[in-house]
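Have a look at the structure below, then the notes.
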Amino acid sequence: MKHKMSDQEIDRIDLESRIIDIYNEFEGIYGAPKIQQELLKQDYYTTVKRVSKYMKRLGLRSITTKKYKPGKNEKTPDGKENILEQDFSTSGPNQKWTMDITYVWTVYDGWTYLSSVMDMHSKLILGYSYQKHMRKEMVLESLKQAVYKTHDTRGIIVQSDLGSQYLSYEVEEFLRENGILHSYSRKSIPQDNSAIEAFHSIIKREKLNRVILKTFQEAKIVIFKYIEGFYNRKRIHGSIDYLTPHEVHYLKREILT
């Protein structure tokens, strides 16, 4: 005699199927809290605890990003003030930005470089430049993109490290011309620029370290698709009420102000 499934069994199978679909859709990036938020978008109401329990039973684990621990206090060089002093609080977009450069390995072209500019409030990547050489021009390109997308940049504070690219005359002059205040991280204190450090860690863990990047051009396409197609418009963040950077920056500013 064929077994007739109970309503409880049907609900369990339905939930497991939804969890697997969401987990695969986001390539194993999301853990229970974010999967639960995606389920809510499907009008399926359940708890994070239940999602976590089912994920464990299904053998699904999210990719986690290691958080920074507080470091010792160090001063910036004379004339290079750390204006923010790790105060990353904001009431809306385009108050505080952060920028940094990270390394990307390719098989045939060796080390390549990604320069990014992020809005601290929305987590949106406002501008980025991916190049074969780590020069001031890539910083300028990423900043120009960010300025182009912003109506008024006067009074914005942007945080960076003390790399030569950020200390160049061209970069400093561009910031001055656009009324942007430059805040400098202290040497060997990544917490001073933790937001952009976290983004570069995320893009590597969630995409770049999970594929074999053969050439610069191949990596360029992967980076473009991740930032423009996924991170900015599709990836939700717990720190911004499980919204996407694009939603917070452009569509739902009133929620977090």
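Filtering the range 37-58 to residues that are in a helix (DSSP H, G or I), farther than 23 Å from Phe199 by Cβ and of a type outside the set (A, V, I, L, M) leaves Lys41, Lys49, Arg50, Ser52, Lys53, Tyr54, Lys56, Arg57. Of all the criteria given as (1) closer than 22 Å to Leu84 by Cβ; (2) touching a residue at least 12 places away in the same chain (Cβ under 8 Å), the one not satisfied by Glu173 is (2). Selection within the range 155-175: residues that are among the β-branched types (Val, Ile, Thr) and under 14 Å from Asn193 (Cβ atoms). The member of this set that is nearest to the chain's Cα centre (by Cα) is Val158. Residues in the range 179-219 that are within 11 Å of Val104 (Cβ to Cβ) and either aliphatic (A, V, I, L, M) or buried (at least 18 other Cβ atoms within 10 Å of the Cβ) (or both): His200, Ile203, Lys207, Leu208, Leu213, Ala219.
Restricting Ser188, Ser194, Ser201 to residues that are part of a helix (DSSP H, G or I), over 23 Å from Lys132 (Cα atoms) and not hydrophobic (A, V, I, L, M, F, W, C) narrows the list to Ser194. Every residue in the range 154-167 that is modelled with pLDDT of 95 or more and surrounded by fewer than 20 Cβ atoms within 10 Å (Cβ to Cβ), please. Passing the criteria: Arg154, Gly155, Ile157.
Is at least one residue of the range 187-208 of a type in the set (Ser, Thr, Tyr), in contact with a helix residue (DSSP H, G or I) (Cβ under 7 Å, 6 or more places away or on another chain), within 28 Å of Phe224 (Cβ to Cβ) and in contact (Cβ under 8 Å) with a residue 60 or more places away in the chain? Within the range 187-208, not a single residue is of a type in the set (Ser, Thr, Tyr), in contact with a helix residue (DSSP H, G or I) (Cβ under 7 Å, 6 or more places away or on another chain), within 28 Å of Phe224 (Cβ to Cβ) and in contact (Cβ under 8 Å) with a residue 60 or more places away in the chain. Within the option set Tyr148, Tyr103, being free of Cβ contacts under 8 Å to residues at least 24 places away in the same chain, under 16 Å from the mean Cα position of the chain (by Cα) and surrounded by fewer than 20 Cβ atoms within 10 Å (Cβ to Cβ) holds for one residue only, Tyr103.
The values are calculated or read from the model by the stated rules, or taken from the named source; none is laboratory data. Please read all numbers here as calculations on a predicted model, not as lab measurements. Don't worry about glycine lacking a Cβ; one is built from the backbone with ideal geometry, like all the others, and counts go over all protein chains shown.
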